[in-house]
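Structure first, then comments.
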Amino acid sequence: MGEPFIHLDGVRKVYETRAGDFLAVSDVTMDIQPGELVSLVGPSGCGKTTLLKILAGLHSYDAGTVRIGNAAFPFDPKRDVGMVFQQALLLKWRRILDNVLLPAEILGLPMKPARDRARDLLAMVGLAGFEQKYPYELSGGMQQRAAIARALVHDPKLVLMDEPFGALDALTREKMNLELLRIWKESGKTIIFVTHGIQEAVFVGSRVAVLTAGPARMADRFEVELPYPRTLDMKTHDVFGAYTRRIYALLGMH
Ligand code: ADP
Ligand code: MG
């Protein structure tokens, strides 16, 4: 393996609150190679969002090392991060195309090529023909697809997804898991996919990192040796069950 794109070593984060210091992340160590899709799974409140905010350069940290980028893959957090949240957070007064263009506008990128790229991305996420619609005209799953297109419009090197499908119904969520894998393959991005869904983590991830109940500590990391393209029937395979049992056991849920 080459030099990692992301190198985390002993990362620790303490929030200062009125009630005193609160340890949110105690010890996270992990390397990520360019182009990986790493699932980060752990119980609610364990520090997943905190970790993503540190990676996005939005939060400081109190100990350890965070290094992103290398000679082959230089990294500028302002330019090179795309984020997708649990809610699509589309601006309701803007058309879908204009929502997708927002990061390009904020970064002051040339608008003509950005507009072309936004159209291509909308086609890639299955929203060709919806460019001029308003968010309320789209279903929850479609809004989330638009949010994914928005996260890619400025061609970031790293895409951080924070429980992106958590608000969707179970069937739409499975469909979006398949879509995500297709988009990952087509875009070649490095993706960190945060979820508290154990099945979802295994299904999408080329690797899974398991965080303990807060304060987050890295409990385990493993490769998911299921081939791509992944298909939903793989969830019934013995190896899939073995991975999910392993995570349940780590989280004390067996
Ligand atoms: P997760 O995303 O895994 O649910 P978070 O990273 O959001 O967890 O939060 C981890 C812990 O840190 C939680 O106990 C949460 O209440 C606390 N926390 C998160 N943000 C702040 C903050 N800005 N100030 C103080 N405590 C916080
Ligand atoms: Mg969270």
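Data for the structure
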{"quantity": "Top-ranked residue of the stretch 34-69 - restricted to ones that are more than 10 Å from ligand 2 (Cβ to nearest atom) and in a helix (DSSP H, G or I), ranked as nearest to E3 (Cα to Cα)", "calculated": "L55"}
{"quantity": "Single match in R150, R145 (criterion: closer than 23 Å to I68 by Cβ, buried (at least 18 other Cβ atoms within 10 Å of the Cβ) and either over 16 Å from the mean Cα position of the chain (by Cα) or basic (K, R) (or both))", "calculated": "R150"}
{"quantity": "So V125, is it in contact with a helix residue (DSSP H, G or I) (Cβ under 6 Å, 6 or more places away or on another chain) and at pLDDT 95 or above", "calculated": "no"}
{"quantity": "Counted residues, the stretch 134-182 - those being closer than 15 Å to V100 by Cβ, part of a helix (DSSP H, G or I) and touching a Leu at 6+ places or on another chain (Cβ under 8 Å)", "calculated": "11"}
{"quantity": "Test set (1) within 18 Å of the chain's Cα centre (by Cα); (2) within 16 Å of ligand 2 (Cβ to nearest atom); (3) outside any helix (DSSP H, G or I); (4) not aromatic (F, W, Y) - K13 fails condition number", "calculated": "(1)"}
{"quantity": "From V81, V66, V38, residue being at pLDDT 95 or above, of a type in the set (A, V, I, L, M, F, W, C), within 21 Å of F193 (Cβ to Cβ) and touching a His at 6+ places or on another chain (Cβ under 8 Å)", "calculated": "V66"}
{"quantity": "Single residue of G82, G69, G47, G42 found to be surrounded by 17 or more Cβ atoms within 10 Å (Cβ to Cβ) and either among the aliphatic types (A, V, I, L, M) or within 30 Å of Y136 (Cβ to Cβ) (or both)", "calculated": "G82"}
{"quantity": "Matching residues in the stretch 16-33 - criterion: being within 16 Å of ligand 2 (Cβ to nearest atom) and either in a loop (DSSP other than H, G, I, E, B) or surrounded by 17 or more Cβ atoms within 10 Å (Cβ to Cβ) (or both)", "calculated": "A24, V25, V28"}
{"quantity": "Residue list for the stretch 188-237, restricted to those being in contact (Cβ under 8 Å) with a residue 40 or more places away in the chain, charged (D, E, K, R) and in a loop (DSSP other than H, G, I, E, B)", "calculated": "K189, R230"}
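The values are calculated or read from the model by the stated rules, or taken from the named source; none is laboratory data. No experiment lies behind these values; they were computed from the predicted model shown. Glycine gets a Cβ as well: all are built from the backbone with ideal geometry, and neighbour counts include every protein chain shown.
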